[in-house]
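The numbers here are math on the coordinates, done by the rules we state, and not lab data. Everything numeric here is computed off the predicted structure, so don't read it as measured data. Note: ideal-geometry Cβ built from the backbone for every residue, glycine included; neighbour counts use all protein chains shown.
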Amino acid sequence: MLEIHHIMNSAVEEIFGFKTCCGLRAFDQNLEIHVKNLGVHPVIVPSHFELKGDYGNRRIDTLMPPGDQRIDPGQTVAFYCFMDETMWDASRHMVFYDGEGNEYRIPLIHENS
Amino acid sequence: MIGITSYGGYIPRLRLDRMSIFQSMGWFAPAIVMVAQGERSFCNWDEDSLTMAVAAARDCLIGKDKSKVDGVFLCSTTLPFLDRLNAGILKTALNLKDELEAADFTSSERAGTTGLIQALSSVRGGDKKQVLVTATDKRLTKAAYFYEMWFGDGAASLLVGDTDVIAEFMGSYTVTYDFVDHFRGSSRAVDYMWEERWVRDNGYSKIIPQAVNGLFRKLSISMDDVDRFVFPCFFKAEHRKIASKLGATPEKVMDNMHEVCGETGAAHPLVMLVQALQEAEPGDRILAAGFGQGCDVMYFKVTDAIRDLAQRRGIKGALANKKTTDNYLKFLKFRDLIQTEMGIRAEAPTQTAMTVLWRKRDMLLGMVGGKCTKCGTPQFPRSSMCVNPECEEVNSQEPYEFAGIPAKVKTFTGDMLAVSVDPPHIYGMVQFEGGGRFMADFSDCELSEVYVGQPVEITFRRRYVDEQRGFSGYFWKAVPIPGEKPAAGAAEEIRFDDQVAIVTGAGAGLGRAYALELAERGVKVVVNDLGGAPDGTGGNTSAADKVVEEIKALGGDAVANYDSVATAEGGQSIVDSAIQAFGKVDIVINNAGILRDKTLAKMEPENWDAIIDVHLKGAYNVSRPAFIKMRENGYGRIILTTSAAGLYGNFGQTNYSAAKMGLVGFMNTVKLEGDKHNIRVNTVAPVAATRLTEDILPPEMLEKLKPEFVAPLVLYLCSEKCQESGMILNAGMGYFNRAAIVTGPGTAVGDGSRIPTLEEIHQKWDAINDLTGATEFPNVTASMGPILDAFSPKKKEAPDDSGGGLTVKAVFEGMQAAFRADAAAGVDVVFQWDISGDQGGSWNVVIKDGACEVNEGSHSSPTTTLKMADEDFLKMISGELNAMSAYTGGKLKIEGDLMKSQLVEKLFKL
Amino acid sequence: MATGIRDKVAIIGMGCTRFGERWDMGGEELMVEAFTECIKDAGLEKNDIQAAWLGTCIDEVNVGKAAVPLSTSLRLPFIPVTRVENYCASGTESFRGAVYAVASGAYDICLSMGVEKLKDTGYGGLPGGGSSSGSLIWLWWPNLTAPGAFAQLASAYAAKYGIKDQDLKRAMAQVSVKSHENGVLNPKAHLRKKVTIDQVMAAPIIAHPLGLFDCCGVSDGAACAIVTTVEKAKDMGFKNPVTVKALQVALSSGEEIAFNNWDGDHFMTTDKCSTKAYEEAGITNPREEISMMELHDCFSITELVTYEDMHISERGQAWKDSLDGFYNMDGKVPCQVDGGLKCFGHPIGASGLRMIYEMYLQLLGRAEERQLENPQYGLTHNLGGFPAQNVCAISILGLYNN
């Protein structure tokens, strides 16, 4: 059971770009997605999601951190990626998956629409 | 007699699954699949021939007096320095004396056996007493060819001398030919191979037999005089053929170890020899050969002394400590065969000051620190001024070897930022047994397996390579020893040091088990036992005395007592003996018991009385005087032994059942009386094989029902940690559950003013009997609740606006009205309120899009769950109790998103 | 008989550059930017300065060795100029030189400058390491980084006080969140956006358990101060100047890393240094008396345990105080009022003076949107090195007429 929350043009983008001294090379990561495990068992979340809009479907694989992420009960993991604003505005839903194949569809509410 | 006096081995932990090479490069070189069986060993990024040699040599020196070593031979074709005595670095790492001979033997795959023969010669000649011969190789190969598959990395070490010889050296024979099966020029990194068929036919298959036969002639022996034939040849078929040609039956031939590590170059003959020694029996005769531009052959006889050799890892142990990987690119990266971008950060300067290396050679290469002769503090590094803040001594430290001292992880981290070819880089503080610590790089471990308190082995590793100047630098690292991480929150041992316990009926069975376990945890025990038969007749002192002896043998303290619990005087005397012997009593375990089973009709009064006297009255007789003493000290733990018979009933045991259930009643009130004195009382219903159950339970069951399975529960209930009181616990065979007296909600029949009829009672029978929602009542007063409530006016009314009559329900009913929509912009939360108590219930408050919805019941995914007792909740709402105080004081429990709970105050006008 | 520094020295002018990625300036230009503000603030002329101190740490990049970079950038006319270095406490060390110089009576007006230009390295991070750390040190110290060394402080602290990992993580997150909130109000800070606790807790791990937001960044900047004796300040017309109430430094003896007692969970230096500082300033109840603090928040865990080493939070309670908002801008003892190292980054030589700059502005009522109400004592804490071996420098400032 996951709770998913997205922040487009997040404040984190600037901080990532600045703090390369921490060893992370993370440029232009303007989309931040929080995935929280509301259940009582750890959940594995693969690092990809799908965007759905009138244009069809688009799978986004280029998330950081890459690979399957284990989220313990009550914890939140953040994913970051570069997201083209035009594509984002044209998208209606974002779909995440967990390790058991469950889908989590989140409506995207854009300020302009 | 001269010969081998000790052995040691080292194979790196990392093993590459050979199939992974084929999987990556099979498109290019399909033929390599033919030799892709098993796995090959490979050095970690911080290992090389020298570090492996140090590991093998340290293993070899276990149990040996290294101060007597007067020769060090290091044999390898891949030493880090062409000119700087590598054996000198080895000798410094081992912290051997300075007056010794050292030499590097190199340039041939038989450098190891050559070194061994030379060592044996010099001992035989009387020139040296103990020579350490270590052979090692880490050979580089080009990708995707047979040699990458065939080769492995490894090292072996043998000590040679004339005392405590484990394998007597009988003789050797050598032929030397400039047979160039392969070569490596002095400026090259990789071997150049000639045609394998020729190497096999003209090399191995001709030269090895020639040398072996030469030795046979020299010593007038034959293959019949050989039990184990050790020689390297990575051509499997050829290996078999040579052996067969020489008349060695398959079971005499030591496996060439292709599947488990691969061929380790100059080390291999000695690696195989060590393997053979680890399997050998006294009397075994071993023929060992090394091949490379000729052939060395040696003959040994294993002696009885091999049985006395101290335990070491050897090759067997090293092979078992493995981590297999199929990451071929990691293998290539660790050998620096692929270039990766390491970043500007990795451009740090790396020049080594030789003057510093010289002054600090024992510290850097030998892990030698200091021990202050004044205050005895071991410290690393050794320094002019003692590190102990209480000690003012200058130049007072003597050298102190840290490498072999047991050590543990004190703190550690996995650092993603540090420059590393194997991120994350793991390092931390290591604490040595006896004192001393240092910050160490860790190696050979995964972050998820390291834990605080984990034992580590301090290991010699290559710290850096100065590429610009061609220099390798070494130091020591901590290698965590793999093992079970203790469970999160694993408790320290629960101790009872200096506590005093009385155990009645402790001469056998359960009582004895309790007494012994308590004594092992530091308790002084009064072992009481009448020494009678299971039916209570007779009596003697030996039962109690024996257990007291057993306790003393454990190193514990105990006294015997022979009084009967069945009389008040007896009980008083038992408690007095505890006071006299040990000054107080902290724990009483009422365990003494007898059986007099008869059906009710046949149960004569004396049998009824006897059971009541021992079990029920006995507990009163002992517990009363004990309680008085415990009350004085403000501490006590009392255990009563009840039984499933009492709780549930058992045919033929009306007396026993009554007594055992009576103890439950006794406990219910002692619990109340003892509460404010920190005296806790609990009952245990044990299922165990003791004298009392011998005749009742089938033998197979008795086997499994050891009293020791019950003891841990009883001891836990006796501990300071346990604050429970008034519990009934069943225990047997390691299975535990709690029994309890519960009361259902019941129902009123009629309106309380007229007497209900039998018929009405019959009609409401189901409701009267219903245990749904049954609860435990802590005392009589609480139990009156339902009756008193049944007919009193309902409390749940409309809230009194003057504020005095606020109810929980009213609060939630009024919550929507108190919601502040303006403060809720962007807020998306679900609060789950679980209120306990008479007015209790569950409500969830959903706030989203500036709106608030209050529902009864539990929400499936609340953001924050708040739990409080009804009274506290109302006090908090009315402002009498501050929310933060409620939280820190434990009256308000919050689960889930703690920070969001702070929104409550902002979102509602309370 | 020594009598301490309390109320002997006044700060009569300060300057501070905008911190951050100053691609536009080298260390030489940054010093001039800070000095220009400072000399104007003091109402003096450059030639009034009689001696100067320069605090810089890194030699591999930056302005170079000796104090020559300061004397030549500012064209100081053949006066005594001294370079000092004490790891990340170099800023306070520079201040200390100038303060003791005027207190000794040897000079009337002294300048203290701190500067670091770290963005010429070609990557994000501190240069050096390898054999430049010291001929012997680099042959045996582990391959550590600052995040990794300080991360161990976090696990040791949690283990000692039985704090659940998530609780500590949340407390550390609150430390960063409040600093970022404060930074929004500071035009000289580099990072000026708010972040939420959730964002902080979910961020990638750098060295377990420290995440991205638990670490400060590397940046460029300069700050400076002009000091004189209280008597001279009064003569110059400063009726109620900011004075130095305490100035203490404590260095590790080597005990933490080689003896057996230190548990890895706090700073032995800060613990002792703060006690001496309070004594020197005449402060007996720091939790009540300290109005505001600038702590060395290179890592949020550093700030958290420093709350305890400052004797303001009880041992084992700092995490609760943090979560309670005790150190927030509107809390009892506001901490990192200017945004701290978290928002400014850490140009090593400058940080200590930047902290003093904020306390100076607050005491004089010039902190604009960040102004606290009537602050009495401001404390700065400047730490260099690692938990296992470090330099701690503390200053306490206040107005002369308290």
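Normalise the Debye intensity by I(0) for the protein assembly as shown, one equal point scatterer per Cα, no solvent, then take log10 at q = 0.08 Å⁻¹ and round to two decimals. Once normalised to I(0) and log-transformed, intensities are -1.22. Taking every residue in A:21-34 and counting other chain Cβ atoms within 10 Å of its Cβ, the average works out to 6.
For B:LYS245, a cut-off of 17 angstrom between C-alpha atoms picks up these aspartates and glutamates, skipping any fewer than 8 places away in its own chain: B:ASP201, B:ASP224, B:ASP225, B:ASP227, B:ASP255. Summing Lys and Arg as +1 and Asp and Glu as -1 over all other residues whose Cβ lies under 12 Å from the Cβ of B:SER122 gives a net charge of -1.
Fewest-first ordering of A:MET94, B:MET603 by other beta carbons within 10 Å of each residue's beta carbon gives B:MET603, A:MET94.
Within straight-line reach of B:LYS704, meaning a Cα separation under 30 Å, sit the following lysines at least 8 residues removed in sequence or on another chain: B:LYS485, B:LYS524, B:LYS546, B:LYS552, B:LYS598, B:LYS660, B:LYS721.
Which entries of B:LYS97/B:LYS301; B:LYS316/B:LYS477; C:LYS117/C:LYS342; B:LYS617/B:LYS706 have Cα-Cα distances beyond 19 Å here? Check vs 19 Å cut-off fails for B:LYS97/B:LYS301; B:LYS316/B:LYS477; B:LYS617/B:LYS706. Over all other residues within a Cβ to Cβ distance under 14 Å of C:LEU136, the charged ones net out to +4, with Lys and Arg as +1 and Asp and Glu as -1. With neighbours defined as other Cβ atoms within 10 Å of a residue's Cβ, the residues B:MET868, B:MET170 order from fewest to most as B:MET170, B:MET868.
Averaged over the residues of A:63-72, the number of partner chain Cβ atoms lying within 10 Å of the residue Cβ comes to 1. Pick out, in residue order, every one of the GluC sites (Glu not before Pro) in segment B:68-155 that is DSSP loop and has at most 16 other C-beta atoms within 10 Å; say none if there are none. In loop regions of segment B:68-155 (DSSP not H, G, I, E or B), the sparsely surrounded GluC sites (Glu not before Pro) are B:GLU99.
Extending 7 Å from Cα along the Cβ direction at B:SER220 and again at B:MET354 yields two label points whose distance is 5.6 nm. Karplus-based coupling profile of segment B:897-907, in residue order and whole Hz: 6, 5, 5, 5, 4, 5, 5, 4, 5, 6, 8, with θ = phi - 60° in 6.51 cos²θ - 1.76 cosθ + 1.60 and x standing for Gly or Pro. Scan around B:ARG596 for amide H atoms under 5 Å from its own, H built in the peptide plane at 1.01 Å from N, and keep only partners 5 or more places away or cross-chain. Amide H to amide H, under 5 Å and 5 or more residues apart or across chains, B:ARG596 pairs with nothing.
Exposed loop positions in chain C were taken to be chymotrypsin sites (Phe, Trp or Tyr not before Pro) whose DSSP state is not H, G, I, E or B and which have at most 13 other beta-carbon atoms within 10 angstrom. Between these positions, the longest stretch is C:79-402. Our helix-only sum for the protein assembly as shown, with -39,500 (n - 2.57) per DSSP H run of n ≥ 4 divided by its residues, gives a mean residue ellipticity at 222 nm of -8500 deg cm²/dmol. In this structure, the amide hydrogen of B:GLY171, modeled 1.01 Å from its nitrogen in the peptide plane, lies closer than 5 angstrom to those of B:TYR299, counting only residues at least 5 positions away or on a different chain. Semi-axis lengths, largest first, of the ellipsoid equivalent to segment B:3-334 are 29, 24, 18 Å, with √(5λ) applied to each eigenvalue of the Cα gyration tensor.
Counting only lysines at least 8 places from C:LYS234 when in the same chain, those with an alpha carbon closer than 26 Å to its own are C:LYS8, C:LYS40, C:LYS46, C:LYS245. Here the contact order of chain B, divided by its residue count and restricted to Cα pairs under 8 Å and six or more residues apart, works out to 7 percent. Backbone phi angles across segment B:427-442, fed through the Karplus curve with coefficients 6.51, -1.76 and 1.60 (θ = phi - 60°), yield HN-Hα couplings of 7, x, 8, 10, 10, 8, 4, x, x, x, 7, 7, 8, 10, 6, 9 Hz in residue order; Gly and Pro are listed as x. Note on chain B: dipole from Cβ charges, positive end direction compared against B:MET429, B:GLY732, B:MET815; the farthest Cα belongs to B:MET429. Put in line by how crowded their Cβ is, counting other Cβ atoms within 10 Å and starting with the fewest, C:ILE348, B:ILE221 read B:ILE221, C:ILE348. Among C:GLN199, C:GLN248, C:GLN50, the residue with the largest mean-square fluctuation in a Gaussian network model of chain C, with springs joining Cα atoms closer than 10 Å, is C:GLN199. A Förster distance of 30 Å, applied to the separation of the beta-carbon atoms of C:ASN401 and C:ASP48, puts the FRET efficiency at 0.75. Along segment B:841-857 the Karplus relation, 6.51 cos²θ - 1.76 cosθ + 1.60 evaluated at θ = phi - 60°, assigns HN-Hα couplings of x, 10, 9, 10, 10, 9, 10, 7, 6, x, 10, 10, 10, 10, 10, 7, x Hz to successive residues, with x for each Gly and Pro. Between B:ILE338 and B:ALA29, the distance separating the two model label sites (each 7 Å from Cα on the Cα→Cβ line) works out to 1.6 nm. The three principal axes of the Cα atoms in segment A:29-88 give end-to-end lengths of 37, 22, 16 Å, sorted in falling order. Just want to confirm a number: the relative contact order over segment C:51-100, from Cα pairs under 8 angstrom separated by 6+ residues, in percent. With pairs under 8 Å counted, the relative contact order is 49 percent. Where both residues lie in the protein assembly as shown, what percent of DSSP beta bridges are antiparallel, nearest 5? Here the antiparallel bridges make up roughly 70 percent for the protein assembly as shown. Residues of segment A:12-48 with an amide N closer than 20 Å to a point placed 7 Å from the Cα of C:ASP165 along the Cα-to-Cβ direction: A:34-47. The trypsin sites (Lys or Arg not before Pro) of segment C:58-140 that meet both conditions, a loop assignment by DSSP and at most 15 other Cβ atoms within 10 Å of the site Cβ, are C:LYS65, C:ARG75. Restriction of the GluC sites (Glu not before Pro) in segment C:1-110 to DSSP coil positions whose beta-carbon has at most 11 other beta-carbons within 10 angstrom yields C:GLU45. Put a dot 7 Å past the Cα of B:LEU702, heading toward its Cβ, do the same for B:ARG631, and the two dots end up 4.4 nm apart. The local environment of B:ASP441, defined by Cβ-Cβ distances under 14 Å, has a net charge of -2 under the rule Lys, Arg +1 and Asp, Glu -1. At an R0 of 56 angstrom, the distance between the Cβ atoms of B:THR747 and C:ASN240 translates into a FRET efficiency of 0.10. Amide H contacts of B:ALA869: B:SER836, each under 5 Å away and 5 or more positions distant or on a separate chain (H built 1.01 Å from N in the peptide plane; Pro and chain starts excluded). On the beta carbon distance between B:VAL421 and B:ALA790, with R0 = 45 Å, the FRET formula returns roughly 0.05.
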